[in-house]
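> Sending over a structure as structure tokens; questions will come in a sec.
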Amino acid sequence: MFPTSFRPSRRTLLGGGAALLATSIVRAAEPDLAGLSDMTGRAVPIGVAERRARLARAQALMRASGIGAVLIEPGSSLIYFTGVVWHRSERLTAAVIPVEGDPCIVTPFFEEPSVRQTLAIPAEVRVWQEDEDPLKVVAGFVRDRKLTGRTIGIEESARFFAFDGLARALPDAKLVSANPVVRGSRMIKTPAEIALMQLATDVTIAAYRWTHPRVEAGMTGAQIGALMNAATRKLGGDPEFALALIGPAAALPHGSRDVIRVADGQVVLMDCGCTVQGYQSDVSRTWVHGTATAEQRTVWEQVKAAQALAFRSARIGAAAGSIDDIVRGYYQKLGYGPGYRLPGLSHRTGHGIGLDGHEPVNLVHGEMTPLAAGMCFSDEPGLYLPGKFGVRLEDCFHMTAGGPAWFSTPPASLDHPV
């Protein structure tokens, strides 16, 4: 659930009067960390054969959609197809995937050696100099492959200057969304991808089990997150986010700027994830520090029931949005909502997950994409009571031919939350 833009930074953690306390907590935990070990030694990186299969699938989808080439800027889709790990800047680096043959990487001349360091497939590399237009280089590759009369797909996250520059360099070309190709490829995870996501989830669950008993009265969310991240790193994961919301802040799904400390009777809601070989986990857990009220227990059990209902409702061929509708109907019968209103469930029931923490498609009202084997989702139908507290239980699942399968087992009870 938690976007990386909200990730607590070291600067945030050590800022102000909390600096000494936060540092002492992390240092005190170091001896305990010695009992943790790397869980990711068995991780198998995505290989050349896997990426060749991805390109073959993309090219089949291109033929089915009448698309002659696809333009992709740096980001998860570039990594997915080519292995190239690169940053976006005003200097264009991009991949062009043709409907037949090997892709082309277009990059600045002085960046070519660095780009080649992560290039994981056979590909032509064409460079441009500082006084040249990189989109003309892209257009040159399209012309050389005799694709100028074909439709050109643009990956959905590409920036406008790339779209506009290619439109000017290929004035007779029709530029369209590459979603049928890129989404069509990435939404269906292979066993190799699912294995990496399983490892990432295993790390996150192990880190939760280490962190939970170390949460003490007086701690802030940032301090709890620091413990979670320390454990995640020792277990072999790369932390993506570690959100810890306390008391009334838990009623805000992505947190509050108010600093609230753990106290008896306060809800603690954590939303954490990491990556293994680039693939993500996303798990949320909620408990009460000390003694829980009857209302807190009731809401926790309602969320547990809704999460199980969403999981049972995920069937091959069902519209992704129908899962959200079923959960929301259940909550409305309990008196929440209606719809996305509060108190109730103010966000979608789940999101796609893979190389990105959030990726298409979502379990949200109106989404008609049918569920298929290999799709991966979060299942997180939280309940939020403004001014009081919130509860979110989040576990991810992947679709198999026989139905959904958990990456992590949902918690047993409020008293055994991890």
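The values are calculated or read from the model by the stated rules, or taken from the named source; none is laboratory data. All values reported here derive from a predicted model rather than from experimental measurement. So basically every Cβ, Gly included, is an ideal-geometry build from the backbone, and we count neighbours across all protein chains shown. Accessible surface is based on the protein model in full, side chains and every heavy atom, while ligands, DNA and RNA are left aside. Shrake-Rupley method; radii C 1.70, N 1.55, O 1.52, S 1.80 Å.
> So what is the diffusion coefficient of the chain in µm² per second by Stokes-Einstein at 10 °C and 1.306 mPa s, using a Kirkwood Rh over Cα pairs?
Roughly 69 µm²/s, to the nearest whole number.
> While we're looking at this one, here's another question. If you fit an axis through the alpha-carbon atoms of helix 221-234 and take the longest principal axis of the Cα set of the chain, what angle between them do you get, 0 to 90°, nearest 10?
60 degrees
> Only Lys, Arg, Asp and Glu count, each charged at its Cβ (+1, +1, -1, -1), so figure out the dipole size of the chain about its Cα centre, rounded to 20 debye. The partial results should precede the final answer.
Numbers: 42 positive and 41 negative charges, 93 e Å.
It comes to approximately 440 debye.
> Based on Cβ point charges of +1 for Lys and Arg and -1 for Asp and Glu, what charge dipole magnitude is obtained for region 30-108 about its Cα centre, in debye rounded to the nearest 20? Mind dumping the intermediate values first?
Values: 8 positive and 8 negative charges, 89 e Å.
Charge dipole, region 30-108, about its Cα centre: 420 debye, nearest 20.
> What are the ³J(HN,Hα) values, in whole Hz, obtained from phi via the Karplus relation 6.51 cos²θ - 1.76 cosθ + 1.60 with θ = phi - 60°, for each residue of region 90-107 in sequence order, with x given for Gly and Pro?
In residue order, the calculated couplings are 5, 8, 5, 10, 7, 10, 10, 9, x, 5, 9, x, 6, x, 10, 9, 10, 7 Hz.
> Right, here's the next one. Would you mind classifying region 343-418 by shape? Square roots of the alpha carbon gyration tensor eigenvalues, ordered a ≥ b ≥ c; an a/c under 1.5 is rounded, otherwise it is prolate if a/b is larger than b/c and oblate if not.
Oblate.
> Scan around Val70 for amide H atoms under 5 Å from its own, H built in the peptide plane at 1.01 Å from N, and keep only partners 5 or more places away or cross-chain.
Ile97, Gly153
> If you average the C-alpha positions of region 234-255 and of region 269-345 separately, how far apart do those two centres end up, in angstrom?
16 Å
> While we're here: Using only the alpha carbons of region 249-331, what is the convex hull's orientation-averaged projected area in square nanometres?
7.8 nm²
> Sorted from largest down, give the three principal axis spans of the alpha carbons of region 177-228, whole angstrom values.
Reported extents, whole Å, longest axis first: 51, 25, 10.
> Taking only Cα atoms and a 10 Å spring cutoff, compute GNM fluctuations for the chain and point out the largest among Gln117, Gln59, Gln307.
Gln117
> Sort region 31-164 into rounded, prolate or oblate with this rule: let a ≥ b ≥ c be the square roots of the eigenvalues of the Cα gyration tensor; rounded if a/c is under 1.5, and if a/c is not under 1.5, prolate when a/b is larger than b/c, oblate otherwise.
Details: a/c = 2.34, a/b = 1.58, b/c = 1.48.
It is prolate, given that a/c is not under 1.5 and a/b is the larger ratio.
> Kindly identify region 141-213 as rounded, prolate or oblate by the Cα gyration tensor criterion: order the square roots of the eigenvalues as a ≥ b ≥ c, call it rounded if a/c is under 1.5, otherwise compare a/b with b/c, prolate if a/b is larger, else oblate.
Details: a/c = 4.72, a/b = 2.86, b/c = 1.65.
It comes out prolate by the Cα gyration axes.
> Okay, next question. Tell me the carbon and sulfur percent of the accessible area for region 276-376, rounded to whole percent, probe radius 1.4 Å.
57 percent
> Continuing with this model, one more query. What's the long-distance tail for region 273-418, i.e. % of Cα pairs beyond 26 Å?
For region 273-418, the share of Cα pairs beyond 26 Å comes to 22 percent.
> Let me ask another. At q = 0.20, 0.21 Å⁻¹, what log₁₀ I(q)/I(0) does region 108-264 have when each alpha carbon counts as one equal point scatterer in the Debye sum?
-1.24, -1.31
> Using a 10 angstrom cutoff on alpha carbons, build the Gaussian network for the chain and name the most mobile of Pro360, Pro122, Pro134.
Among Pro360, Pro122, Pro134, the largest GNM mean-square fluctuation belongs to Pro122.
> Would you grab the residues whose amide H sits under 5 Å from the one on Val288? Only those 5+ places off in sequence or on another chain, please, with H modelled 1.01 Å from N.
Those qualifying (amide H under 5 Å, at least 5 residues apart or on another chain) are Val268.
> Please report, in whole Å, how far the alpha carbons of region 310-383 spread along each principal axis, starting with the longest.
For region 310-383, the Cα spread along each principal axis is 35, 24, 19 Å.
> With springs only between Cα atoms under 10 Å, which of Glu295, Glu240, Glu380 fluctuates most in a Gaussian network model of the chain?
Glu295
> Which of Ile152, Pro122, Ile105 sits closest to the plus end of the dipole of region 101-152, meaning its Cα is farthest towards the positive end, when Lys and Arg get +1 and Asp and Glu get -1 on the C-beta?
Ile152
> Another question about this same structure. In whole angstrom, how far apart do the alpha carbon centroids of region 355-370 and region 82-127 sit?
After rounding, the separation between the Cα centres reads 29 Å.
> How many percent of DSSP beta bridges within the chain run antiparallel, rounded to 5?
80 percent
> Computed on alpha carbon atoms, what radius of gyration and Dmax characterise region 201-268, expressed in Å?
12.0, 33
> If you don't mind, another one. Based on Cα coordinates alone, diagonalise the gyration tensor for region 31-72, multiply each eigenvalue by 5, take square roots, and list the semi-axes in whole Å, largest first. Walk me through the numbers before you get to the answer.
Working: eigenvalues 343, 26, 10 Å².
Semi-axes from the Cα gyration tensor: 41, 11, 7 Å.
> Can you give me the relative contact order of the chain as a percent, contacts being Cα pairs under 8 Å and 6 or more apart?
Once divided by the residue count of the chain, the mean separation gives 15 percent.
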